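No lab work stands behind these numbers, since they all come straight from the coordinates. What you see is a predicted model; the values in this text were computed from it and never measured. Note that each Cβ is placed from the backbone with ideal geometry, even for glycine, and that neighbours are counted across all protein chains shown.
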Amino acid sequence: MSNSRVAISIVTYNSKYIFDVLEKLKKEFCADERFRFVILDNNSNNDYKEHLEKYQDFADIIFHDKNEGFGFGHNYNLLSATEDYFLVFNPDIILEKENLIAMIDHLEKDKTISLIVPKVLNADGSTQHLIRNRVTVFDYALRFIPFTFVKELFSKRLESYECRNLPDNQLVDIRIGSGCFMLIRGSEFKLVNGFDERYFMYFEDYDLCLELKKRGKRIVYSPFSSVIHYYERGAHKNSNLFKIFLISMVKFFNKWGWKLF
């Protein structure tokens, strides 16, 4: 890695993982001035904010007075940033510095890549299949249907939808990467004006990738770097989050076209 600078943006709202995450980041990045951490708190509870204040020696922390969503928070952190690269970073991600540096090296070596995402793992080391090369209503319905026999019936389609057969020995051009952890050139993020803030949560990462693809930009998956993501699948468990998911899904398909199958 050269002396390129990276702005690492975290948006949080009462995340139960963030303090463990920040402790890990402090150990990994110490006083490396190439990396700047900026955290926007979307009006968490008072005890949480008091705890977060203790990390002001490590990160720039903004306490926003209301929750305006994931995309708004990252735009607030990044659209005025001057670093070479921007890292969109969930508050439930465990990162080792060497994995990020390897991703930066890929961007340094190949200027045609605009955005790169790593292999995302569960805490037990199994892979979270978050890459997408298509988005349809049918595929989303399959993921939420609780009946195992239906999923078995369409197992090959689900496998294709979740890009389960990506190689482990080379970079791969993809259509859509997960917003839980994505490294993007700062100039490219600004080119598309960041995330579309009409999505409160969900689908803004898909939208960002499609905006880049519309402009002929490359999005790449790297199996050579990995992060751990404490993925809770909130929309599958929480009725309020599921409503937000559905609202965002409608906005997405209204914008990009309804593909039923």
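Structure notes:
- For Phe181, net neighbour charge (Lys/Arg +1, Asp/Glu -1) across residues whose Cβ lies under 11 Å away: -1
- Between Gly177, Gly69, Gly125, the GNM of the chain built on Cα springs shorter than 10 angstrom shows Gly125 fluctuating the most.
- Per-residue [θ]222 nm for the chain (sum of -39500 (n - 2.57) over DSSP H runs n ≥ 4, rounded to 500): -11000 deg cm²/dmol
- Extension gain (nm, one decimal) between Val250 and Met1, 0.36 nm per residue minus Cα-Cα: 85.6 nm
- Dipole in debye (nearest 20) - the stretch 6-256, about Cα centre, beta carbon charges: Lys, Arg +1; Asp, Glu -1: 1120
- Between Cys30 and His64, the contour length at 0.36 nm per residue exceeds the alpha carbon distance by 9.6 nm.
- A simple spin-label model places the labels of Lys213 and Ser160 1.5 nm from each other, with each point 7 Å out along Cα-to-Cβ.
- Listed residue (Phe261, Ile176, Ile116) projecting farthest to the positive dipole end of the chain, Cβ model: Phe261
- 13 Å beta-carbon shell around Ile116, net charge (K/R +1, D/E -1): +1
- Filtered trypsin sites (Lys or Arg not before Pro), the stretch 105-172: DSSP coil and at most 10 other beta carbons within 10 Å: Lys111
- Candidates per chymotrypsin sites (Phe, Trp or Tyr not before Pro) in the stretch 144-198, loop by DSSP, up to 13 other Cβ within 10 Å: Phe147
- Between Val220 and Leu115, Ile116, Val117, Ile174, the built amide H atoms are under 5 Å apart, and every one of these is 5 or more places off in sequence or on another chain.
- Count Lys and Arg as plus one, Asp and Glu as minus one, and take only other residues whose Cβ is under 12 Å from that of Leu191; the net charge is then +3.
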